[in-house]
Each structure stands twice: as C-alpha cells, then as structure tokens.
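The values are calculated or read from the model by the stated rules, or taken from the named source; none is laboratory data. Model, not experiment: these values are computed from the prediction. Ideal geometry is used to build each Cβ from the backbone, glycine not excepted, and the neighbour counts take in all protein chains shown. For the accessible areas, the whole protein counts, side chains as well, though only heavy atoms, and no ligand, DNA or RNA atoms are used. Shrake-Rupley method; radii C 1.70, N 1.55, O 1.52, S 1.80 Å.
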Amino acid sequence: YTDTSRPNHLAQEVVDNSVDEALAGHARSIDVTVHDDGSVTVTDDGRGMPVDIHPEEGIPGVELILTRLHAGGKFNKTESGNAYRFSGGLHGVGVSVTNALSTRLEVEIKRGGGVHRIAFAGGTPVEPLQRIGDIGPRTTGTAVRILPDARYFDSPRVNLAQLTHLLRSKAVLMPGLLVELEIDGEEKKSWCYQNGMADYLAEMMPGQPVAPIFVGEKFVTAENGFAVGEGATWALAWFEEGGGKPESYVNLIPTLDGGTHEAGLRDGIFTALKNFIDHHALLPKGVKLTADDAFGRASFLLSARVLDPSFQGQTKERLNSRDAVQLVSRMVRDPFELWLNEHVDYGKKLAELAIKAAQARARAAQKVEKRKSSGVAVLPGKLSDCESED
C-alpha cells in the first residue's frame, strides 16, 4: 500500500486530504512542518474533520476516518452537491494506512466553536477525542501530526526534496492556494501562484522555446458523455532539442508514470497539428506523421480532473481510466487548433519541427532496411537476419 523506502507517501496522504478540502472550496492555505524528531505536521484551514459521533458505528467521525478502511466521504460522486466530486482519495484507505504505519498520530480539530484532540499509536486510539478549548465559530481547520514507524521504512525520515516538489506543485495547480513548508531550523518556504502553470513551466524550461507557451483549460459544461466539471488544465512548450521532464496530475495527485490522460493530451495535440498542416498543405510528399513527431520535443504540465479515476496501485503513479484519453483529447484539440490558426507563424514552426522529426525517423528506418537487405541468402518471411557480426 505504500512506498517503503521513505515515509513520503504517508505525509502525501495527509496533504492530499487537505488539498481535497481546497479543491472543494473550503481551504485556502496548507502548512507543512517537518520536526527535528522526524515527525511531520500538516495543517489546513478547511472545515475540520468531523467530531460528532457516527450514528451507526458509535465512534467519532475522525476516529472512523483514521481507523477504518473504506470510510471516506468521497463515494457518492454523482450528487452535484457532493463536496468531494473531484478528489484524489477514492477508497478511504489512504490516511488509515498512514495511521497504521505511524508510532504516533495526533489530530487537533477546530470546528463548531471548539478545539478537539485525539491521539493514536500504531493505528489504535490511545487518547479518546476530547474538547480541550473554545474558539470562535468561524475558525475551522485540521492539524495532523504523524511520526512514521521506523520499522516499516528503509529510512524513517521524509525525503525533503520530494516533499518540497510535491507541495510546490500543489500550489501551481491550485491558483491562489497558499502552501507553506517549514523545516525545523530553516527558514519557511511558501508558494502561491496566481497564474500557476505558465509561471511554473517557464521556471522549469531548459532553454528558449520555439513558440510561446500554450496554456489553456477546458471543462465539460453540459453532459455529453462526460460529467460536468471534468476536464483539464495544461501548459506546453516546444524546443529544438527536446524539452524537460513532463509532469502530469489527476485531481492534483502526481502521476509519475503518466497514463491515459497523457495519451489524451498527445492525441489532441497531434490531431490539431495534423489538421493545421493539412489545411496549409505543409506536408512534403511521402512523409507520414506520427504523434511522436508532433510531441517528441514538447515539455508539458497537465492537470486533469476526472470524476472517478482508476489508478494502478495505491501510490497512484499511473492513471488507468480509459475515458480519460477521449476526455483530455477532446478538451485540448479545439483550443490548440484555434491557437495555431491565430499564431500561424508559430504554428508553421511547430509543423516544421514535427516534419523534421518524421524525416529523421524515415531515414533511420531506411538505414536498417538497407543493412538487412544486403544479406546473401533471402530468408523466408518468418525468419529474420541475424543481427550479430560474431
């Protein structure tokens, strides 16, 4: 269920819950502190975890969330009023795993005019939920402090570089969200992007792009096979020599191994560029374009919103949802085609890049063919020439 080299994924589960509060429009800031003893505190100003007693289970809501699997409030996706229509959490497993793999987990909740506190050890409640103070009715939020259990990890400390990258990316993808990171003994870092993706991609770029960054977003507004609110936000740049490392996210969860939403982006960009090339008759005779030719030199940032995403594995590094290909492709294609026709000169530069790539590919393929056909004997179809010279 988790990556056992470092406890980063444990902290990420807690951060994701705070981000889901921000996605649902309730939180405006997330503050993460890494303490000297290796513990991590994540604080947000969302609605605060529920503290009332659950009618069927007879225990407080917060205890249910942290100790039972599949007890998330994120299941009923179809109600348009559901606070968590687009969330990273799917099965209510995440934060209970964090609790199970921590020697200690403390939660402080500000909600309903009171400050409440509960503590767990190894996933079992050791201090029951208590109201420890009063607070103004408008002040709400949750603070979770976790101390990962060293028995389960190669190194019990979180990887700070990875944590920093994760938090910064959350700020990029949620314009206006203030994300802060404090490491004991160092100065506080904070990020808040108003026009997130373009600024972030510009910082990450290896050099000067061939055309200005193409930024856009499009979401479904009326039911047309996809749910209202699904869609994507993106930023793309093309380079002569090939771009930096692409990054993609689904419901703000980093998908390090890509997946179907990236395939949709490639497909949409390729279709639009091909239409542009055909419309302006730019393709030389005998050259065939593939998606790789159009996309091989691009660096991109993609954030997809999918109603019911299915991932590979609990660490969610690859998106498997089939519909995401169509969804993202459809969202990207028209805006990109429009952009190309509004910036014809840049469109022609991108077309030239793609055509060059296709020609280079064709030349490389010819070389291989030549080498194969120079063999003495003609082999039957199902056998192929030996590659070795030995």
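So the values come out like this:
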{"item": "Residue in segment 236-246 that is in contact with a Pro (Cβ under 8 Å, 6 or more places away or on another chain), within 30 Å of Thr43 (Cβ to Cβ), in a loop (DSSP other than H, G, I, E, B) and open to solvent by 20 Å² or more (accessible area, probe 1.4 Å) present", "result": "no"}
{"item": "Single residue of segment 1-38 satisfying the filter (in contact with a Lys or Arg (Cβ under 6 Å, 6 or more places away or on another chain) and assigned to a loop (DSSP other than H, G, I, E, B)) that is farthest from Lys188 (Cα to Cα)", "result": "His26"}
{"item": "Residue list for segment 151-171, restricted to those being in contact (Cβ under 8 Å) with a residue 24 or more places away in the chain and of a type in the set (A, V, I, L, M)", "result": "Val158, Leu160, Leu163, Leu166, Leu167, Ala171"}
{"item": "All positions within segment 210-235 that are open to solvent by less than 30 Å² (accessible area, probe 1.4 Å), closer than 22 Å to Leu350 by Cα and assigned to a loop (DSSP other than H, G, I, E, B)", "result": "Val210, Ala211"}
{"item": "Enumeration of residues in segment 247-256 that are acidic (Asp, Glu) and surrounded by fewer than 19 Cβ atoms within 10 Å (Cβ to Cβ)", "result": "none"}
{"item": "Condition broken by Asp154, with the remaining ones in (1) open to solvent by less than 40 Å² (accessible area, probe 1.4 Å); (2) modelled with pLDDT of 90 or more; (3) closer than 29 Å to Ser310 by Cα satisfied", "result": "(1)"}
{"item": "Residue in segment 331-354 that is touching a residue at least 40 places away in the same chain (Cβ under 8 Å), in a loop (DSSP other than H, G, I, E, B) and in contact with a Leu (Cβ under 8 Å, 6 or more places away or on another chain) present", "result": "no"}
{"item": "Options Ser39, Ser18, Ser5: the member that is in contact with a Ser or Thr (Cβ under 9 Å, 6 or more places away or on another chain), among the small types (Gly, Ala, Ser) and under 19 Å from Gly123 (Cα atoms)", "result": "Ser39"}
{"item": "Top-ranked residue of segment 143-191 - restricted to ones that are part of a helix (DSSP H, G or I) and charged (D, E, K, R), ranked as nearest to Thr124 (Cα to Cα)", "result": "Arg151"}
{"item": "Members of segment 105-118 that are more than 28 Å from the chain's Cα centre (by Cα) and closer than 13 Å to Ile65 by Cα", "result": "Ile118"}
{"item": "Subset of segment 257-295 (residues that are assigned to a loop (DSSP other than H, G, I, E, B), touching a strand residue (DSSP E or B) at 6+ places or on another chain (Cβ under 8 Å) and open to solvent by 10 Å² or more (accessible area, probe 1.4 Å))", "result": "Asp257"}
{"item": "Selection within segment 163-180 - open to solvent by 10 Å² or more (accessible area, probe 1.4 Å) and over 15 Å from Val250 (Cβ atoms)", "result": "Thr164, His165, Arg168, Pro175, Gly176, Leu178, Glu180"}
